[in-house]
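One structure below.
The values are calculated or read from the model by the stated rules, or taken from the named source; none is laboratory data. All of these numbers come straight from a predicted model, not from anything done at the bench. Virtual Cβ from ideal backbone geometry, glycine too; neighbours counted across all protein chains shown.
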Amino acid sequence: MTPIDWLIIGAYFLIIVAIVWWSSRRQETSTDYFLAGRDIGWFAVGASLFASNIGSEHIVGLAGSGAANGMAQAHWELHAWIMIMLAWVFVPFYYRAGVFTMPEFLEKRFDSRSRWVLTIVSLIAYILTKVSVTVYAGALVFKTLLPDTFGTPDNAFWIGAVTTVVLTGIYTVFGGLRAVVYTEVMQTFLLLIGSVFITFFGLEMLGGWGELKMVLADNADQFALWRPNSDPNFPWLGVMIASPIIGIWYWCTDQYIVQRTLSARSLKDARRGAIFGGFLKVWPVFIFLVPGMIGYALQSKGLLPIPVDVDGNVLGDMVFPTMVANLLPVGLRGLVVGGLLSALMSSLASLFNSCATLFTVDIYEKLRPGRSEQTLVRVGRIATSVVVGFGLLWIPIMKRISEGNAGLYDYLQNVQGFLAPPITAVFLLGIFSRRINSEGAFYGLVVGFVLGMFKLTVQTLTQSGVIDPASMLGAIGVFNAYYFSGVLFLFSVILIVLLSYMSEAPTDAKVEGLTFGSVTDAQKLENRESWGWQEVAATVVVLGLVLGVYIYFSFWLG
């Protein structure tokens with residue numbers, strides 16, 4: 001890192017300070033703080049959806065997955081089609097309900113028990129996935145790019161982790177969602193520009209796209225988009241079952257993501273923002289997975305010093321930081337490091353604000369109703385500070401987990417695959433069927449969560465050698481996580497339906513406007529007036545891009 005690089009990073013932080021100062025002056029009500037006054041345009045909504053998703057765990061973890069597993073996890077990055085579902089299927093119900101949070105929507109559709117369960121499960125999920133992976137990935141970037149700046153690489157790891165968590169926490173506490181969204185608009189383009197340059201310089205050093213395909217063709221099975229069902233890690237059927245379940249949970253029901261659409265100034269802006277976010281979501285395959293494969297090819301030809309493990313395998317999570325450190329010229333390196341910091345800070349800021357929203361709206365306001373708007377904003381800021389504290393405490397735990405795992409992205413998808421199925425089942429059934437009731441939803445969430453956590457615990461103990469893989473529990477532990485996700489989803493659906501039909505149906509008043517079968521004529525008209533040919537054309541473009549990527553990479557290595 002040169003003085004020019006540091007100047008560029010410093011300028012980036014000055015812009016963030018200006019945005020936070022501007023946002024902090026507009027925090028008079030809880031709607032201002034948690035939903036940016038419900039006044040965000042479609043462009044900012046879409047950019048914020050993308051930046052919230054693409055954190056440092058994607059830049060570091062997804063590039064690492066590209067180096068280790070090729071295109072196997074591209075299926076999760078082609079979830080642009082699920083964002084189209086968010087735009088056309090889910091957003092109208094959420095926006096019409098006027099809710100702050102997803103648990104609040106469940107209370108309107110079912111009862112307060114489901115709201116409590118989803119709130120607690122969501123907070124646990126954020127600790128196990130988002131805060132843990134994001135902080136660790138960001139610290140890894142500091143360790144790789146600034147190994148001697150703070151004395152030793154380990155010092156750089158800890159200082160980087162703590163500094164970014166604290167700084168992100170400060171701007172989230174004072175700026176609220178408005179600061180989060182508008183900094184993410186800027187961060188979106190830094191991420192895209194930085195990753196495009198990595199791809200360009202990597203291909204230039206390697207000798208072009210044709211050379212990349214030639215190098216990877218020697219291990220075509222390792223880098224293929226589709227793996228046989230006998231593959232222990234990415235059987236194509238298991239992947240195609242699990243990835244939509246995880247995707248619908250993440251993109252259509254998770255507070256962390258959906259909160260951006262709730263902040264839109266109109267239903268049209270919310271829908272357009274989700275479609276625009278879907279367009280942006282197509283590109284991570286090219287700007288993160290492909291650079292990972294380029295890094296593998298460069299290392300295999302002796303052109304890039306990427307660290308390897310004791311067996312000689314490339315350390316996937318070190319690929320992207322090493323490419324930044326070795327490929328980029330002065331100045332551009334600072335820009336890309338700014339993009340890496342953007343990724344870390346945007347994901348953490350979104351996480352902190354979502355946690356504060358869940359705690360304030362779904363826990364504090366339920367326990368202490370009737371509090372003033374100023375009190376709710378103050379509680380939201382305190383809750384954000386507490387989450388920042390948990391983020392700091394989790395750093396050493398995540399360091400141990402990640403160093404003993406196959407990779408950040410693999411860890412992330414495994415945990416999400418155990419959390420998502422019951423939540424996905426409840427939301428899908430709740431919106432598509434008016435007969436599903438509170439009994440089915442509550443017990444579906446509780447039993448599904450317990451089974452998912454049981455699988456996660458047994459799998460972790462089996463992988464660490466505590467449980468014998470040949471035992472009955474060991475068989476559960478080694479059972480493919482993606483197939484388990486499908487089994488848990490099917491079990492949750494059956495349980496929810498059975499319990500709902502064994503008990504009393506919800507009243508018409510309870511479900512009005514909250515299911516497809518109970519939307520009023522006035523609501524249908526409002527929904528129809530919120531879209532035109534532009535939204536339809538944009539949807540066709542996004543779906544066409546997804547299909548094109550699938551077709552090309554299905555045959556790209558012959």
For this session: Look through Ala383, Ala349, Ala406, Ala356 and report the one residue that is modelled with pLDDT under 70 and either over 23 Å from Phe105 (Cβ atoms) or buried (at least 17 other Cβ atoms within 10 Å of the Cβ) (or both).
Result: Ala406
Exercise. Of all residues in region 511-536, how many are part of a loop (DSSP other than H, G, I, E, B) and over 23 Å from Glu107 (Cα atoms)?
Worked result: 4
For this session: Among residues belonging to region 418-442 that are polar (S, T, N, Q) and part of a loop (DSSP other than H, G, I, E, B), point out the one that is surrounded by the most Cβ atoms within 10 Å (Cβ to Cβ).
Result: Asn437
Exercise. So is Ala44 at pLDDT below 90, under 21 Å from the mean Cα position of the chain (by Cα) and part of a helix (DSSP H, G or I) or not?
Worked result: yes
Exercise. Looking at region 494-507, is at least one residue part of a helix (DSSP H, G or I), of a type in the set (D, E, K, R) and surrounded by fewer than 14 Cβ atoms within 10 Å (Cβ to Cβ)?
Worked result: no
Exercise. Got at least one residue in region 97-119 being surrounded by 20 or more Cβ atoms within 10 Å (Cβ to Cβ) and either within 30 Å of Gly338 (Cα to Cα) or at pLDDT below 80 (or both)?
Worked result: no
Exercise. If you check Leu445 against the conditions, is it aliphatic (A, V, I, L, M), crowded, with 17+ Cβ neighbours inside 10 Å and touching a Ser or Thr at 6+ places or on another chain (Cβ under 7 Å)?
Worked result: yes
Exercise. Would you call Ser263 polar (S, T, N, Q), closer than 30 Å to Val89 by Cα and surrounded by fewer than 24 Cβ atoms within 10 Å (Cβ to Cβ)?
Worked result: no
For this session: Select from region 190-245 the residues that are in contact with a helix residue (DSSP H, G or I) (Cβ under 6 Å, 6 or more places away or on another chain) and hydroxyl-bearing (Ser, Thr, Tyr) and list them in ascending order.
Result: Ser195, Thr199, Ser243
For this session: Out of the residues in region 45-96 that are closer than 15 Å to Asp269 by Cα and small (Gly, Ala, Ser), state the one that is surrounded by the fewest Cβ atoms within 10 Å (Cβ to Cβ).
Result: Ala47
Exercise. Across region 104-122, which residue is nearest to Gly513 (Cα to Cα) among those that are of a type in the set (A, V, I, L, M) and in contact (Cβ under 8 Å) with a residue 24 or more places away in the chain?
Worked result: Leu106
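Listed here are the residues, each with its yes/no results for (1) surrounded by fewer than 24 Cβ atoms within 10 Å (Cβ to Cβ); (2) basic (Lys, Arg); (3) over 30 Å from Phe90 (Cβ atoms); (4) in contact with a Ser or Thr (Cβ under 7 Å, 6 or more places away or on another chain).
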{"site": "Ala224", "(1), (2), (3), (4)": "yes, no, yes, no"}
{"site": "Leu267", "(1), (2), (3), (4)": "yes, no, no, yes"}
{"site": "Ile275", "(1), (2), (3), (4)": "no, no, no, yes"}
{"site": "Val330", "(1), (2), (3), (4)": "yes, no, yes, yes"}
Seminar exercise, completed: Those residues of region 262-305 which are under 15 Å from Val319 (Cβ atoms), at pLDDT 85 or above and of a type in the set (Phe, Trp, Tyr) amount to Tyr296
Exercise. Does region 154-165 hold any residues that are touching a residue at least 24 places away in the same chain (Cβ under 8 Å) and touching a Gly at 6+ places or on another chain (Cβ under 9 Å), and which are they?
Worked result: Ala161, Thr164, Val165
Exercise. Restricting attention to region 177-185, does a residue exist that is within 19 Å of Ile382 (Cα to Cα), under 22 Å from the mean Cα position of the chain (by Cα), assigned to a helix (DSSP H, G or I) and not hydrophobic (A, V, I, L, M, F, W, C)?
Worked result: yes
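Just name the residue that is nearest to Val478 (Cα to Cα) out of those in region 230-243 that are in a helix (DSSP H, G or I) and either among the aliphatic types (A, V, I, L, M) or touching a residue at least 24 places away in the same chain (Cβ under 8 Å) (or both).
Gly238
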Seminar exercise, completed: Filter region 11-41 for residues that are hydrophobic (A, V, I, L, M, F, W, C) and modelled with pLDDT under 70; the one that is surrounded by the most Cβ atoms within 10 Å (Cβ to Cβ) is Ala36
Exercise. Could you say which residue among Phe201, Phe189, Phe197 is part of a helix (DSSP H, G or I) and either surrounded by fewer than 18 Cβ atoms within 10 Å (Cβ to Cβ) or within 16 Å of the chain's Cα centre (by Cα) (or both)?
Worked result: Phe189
For this session: Please determine, by comparing only the residues of region 448-491 that are free of Cβ contacts under 8 Å to residues at least 60 places away in the same chain, of a type in the set (Gly, Ala, Ser) and part of a loop (DSSP other than H, G, I, E, B), which one is surrounded by the most Cβ atoms within 10 Å (Cβ to Cβ).
Result: Ser471
Exercise. Given the structure, is Ile397 touching a helix residue (DSSP H, G or I) at 6+ places or on another chain (Cβ under 8 Å), surrounded by fewer than 22 Cβ atoms within 10 Å (Cβ to Cβ) and at pLDDT below 80?
Worked result: yes
For this session: Quick one: count up the residues across region 476-521 that are hydroxyl-bearing (Ser, Thr, Tyr) and farther than 18 Å from Glu439 by Cα.
Result: 5
Problem set entry | Top-ranked residue in region 120-142 [being at pLDDT 85 or above and among the aliphatic types (A, V, I, L, M); ranked as surrounded by the most Cβ atoms within 10 Å (Cβ to Cβ)] | Val121
Exercise. Does region 244-254 contain at least one residue that is polar (S, T, N, Q), in a helix (DSSP H, G or I), modelled with pLDDT under 90 and under 20 Å from the mean Cα position of the chain (by Cα)?
Worked result: no
